[in-house]
Structure formats: structure tokens, C-alpha cells
Amino acid sequence: MHHVKNDKRSQTSANAIYNALLKLLKTNSFDTITVSSICETSNISRATFYRNFDIIEDVLSWYGDILIRKLIANYFKLQDNERPSFINYALGFAFDKVEYIEILSKTNKMHLIEPYVLTVLESVPLTYDINESPYIKYAIHAKVGAFFSIINCWISTGKKESAEELKNNLSEIGKLLHRLDIQN
């Protein structure tokens, strides 16, 4: 878990740690990176690292938490008549932050950001009454899973389509998803 406070010093330290991790990931696999190497690269003490993060994965979680909160804040700043569908907006946002998403995909850590997405989705106004069905949480999890699967597939197949092409073809992907089943 991350424990980054909302003061300038903590934010600066956390950003330095995150940037050091990014730098180390350019030449090392995630599993070989140590807290010591992050501290050395960022010129941050181990005590500062552990004041902000429990483990290295928490650095990626923290950054994802920040991105998700920005995504939601920016989306709801838009006027109702200017607001695209949330999934289109979220994909556009993810494509703008593709370096972070690629790190999660490459290191098989996509699961680190999902809890933040779910927490945010459970606290924003939905077009569906959350009390209407006992299965709403399942539907939210399925939608989040589909979102991350689409991005992960796009990255793992070499980003052949442009981000705009992928966004524009979401309805086609949705239709295929509904038709996709295994024959008996």
C-alpha cells in the first residue's frame, strides 16, 4: 500500500521514486529491481521510500491512483453536452498515458490499477441505479476487466491501430463480445 501524503515534500519524493523506477525499467526487469537500486537512482533514503511505500509494486499503484483520480476529475469538469461516453474518454486518457499502461502490461501488473478504478466507479454517478440489481458489482468488474483487456491486447499486439481507430471501433468490439461464445 502507498502512504504518500498530500504535501509537497512527500509528493516530490514519491515522484522521484517513480521516475527512478521508470529509469531502472529501461534496463532491468521489474523482478530484478530492488528498493536499494531505486533509492540509489533517486537519491532518496530507504526511510523515505518506506515512509511512502511498503513494496515496489506500491509505486506503480500510487501513480495509477493519481491517474485515475485525474481522469475522473477531468471527466466531470466537462459540460454535460461536451462529455463523451466514459469508456471513450477513459481510453483516450489511457492512450495519453500509454507509457504507464505499457509498464503495467509488460510487467504483468495491470491488476495494480484495477482496485482504484473500481473504487472510483463505485463513487461516481452511473447511468444505472446501483440498487436495481444485486449483480451490479459483477457488471462493474466485467466492464473494468474488458477495458483493461482491450488496452492490454492493443499493447501486446504492437499497437497496430491508432488510439483513435481503437476508440472509434469500440462499438464493433462490443458487438463481437456479445456474439462471442463457444459452440456446444
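What is the extension gain from Cys153 to Asn15, computed as 0.36 nm multiplied by their sequence separation minus the C-alpha to C-alpha distance, in nm to one decimal? Please list the in-between numbers first.
Values: separation 138, 0.36 × 138 = 49.68 nm, distance 2.83 nm.
Between Cys153 and Asn15, full extension yields an extra 46.8 nm.
Order of Asp65, Asp31 from fewest to most other C-beta atoms within 10 Å?
Numbers: Asp65 20, Asp31 8.
The most exposed by this proxy come first: Asp31, Asp65.
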> If you work out Kirkwood radius over Cα pairs in Å from the coordinates, which of [x] 16.4; [y] 18.3; [z] 23.8 do you get?
Replying inline: [y]
> Mean residue ellipticity at 222 nm from the helices of the chain, using -39,500 (n - 2.57) per DSSP H segment of n ≥ 4 over the full residue count, to the nearest 500 deg cm²/dmol?
Replying inline: -20000 deg cm²/dmol
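Rounded, prolate or oblate for segment 1-55? Axes are the square roots of the Cα gyration tensor eigenvalues, ordered a ≥ b ≥ c, and the cut-off for rounded is a/c under 1.5.
Values: a/c = 1.99, a/b = 1.74, b/c = 1.14.
Prolate, since a/c reaches 1.5 and a/b exceeds b/c.
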>> Could you derive backbone 3J(HN,Hα) for segment 158-169 from the dihedral phi with the Karplus parameters 6.51, -1.76 and 1.60 (θ = phi - 60°), listing whole Hz in sequence and x where the residue is Gly or Pro?
In response: x, 6, 5, 8, 6, 4, 5, 4, 5, 4, 5, 9
> What list of ³J(HN,Hα) values in whole Hz, one per residue of segment 21-30 in order, does the Karplus curve 6.51 cos²θ - 1.76 cosθ + 1.60 (θ = phi - 60°) give from phi, with Gly and Pro shown as x?
Replying inline: 4, 4, 4, 5, 5, 6, 10, 9, 7, 4
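Quick one: putting +1 on the C-beta of Lys and Arg, -1 on the C-beta of Asp and Glu, what dipole do you get for segment 1-55 around its Cα centre, in Debye to the nearest 20? Each step should come with its number before you reach the end.
Working: 7 positive and 4 negative charges, 44 e Å.
In debye, rounded to 20, segment 1-55 gives about 200.
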>> Just to confirm my numbers, what's the Cα centroid distance between segment 84-111 and segment 1-65 in Å?
In response: 20
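Please give the length that would be gained between Arg69 and Leu22 if that part of the chain were fully extended, namely 0.36 nm times their separation in residues minus their C-alpha to C-alpha distance (nm, one decimal). If you can, show how the numbers build up before the last one.
Details: separation 47, 0.36 × 47 = 16.92 nm, distance 2.09 nm.
Gain on stretching Arg69 to Leu22: 14.8 nm.
Only the coordinates and a few stated rules stand behind these numbers; no lab work does. This one's a predicted model, so the numbers in the text were calculated from it and none came from an experiment. Neighbour counts are summed over all protein chains in view; Cβ atoms, including those assigned to glycine, are modelled from backbone coordinates with ideal geometry.
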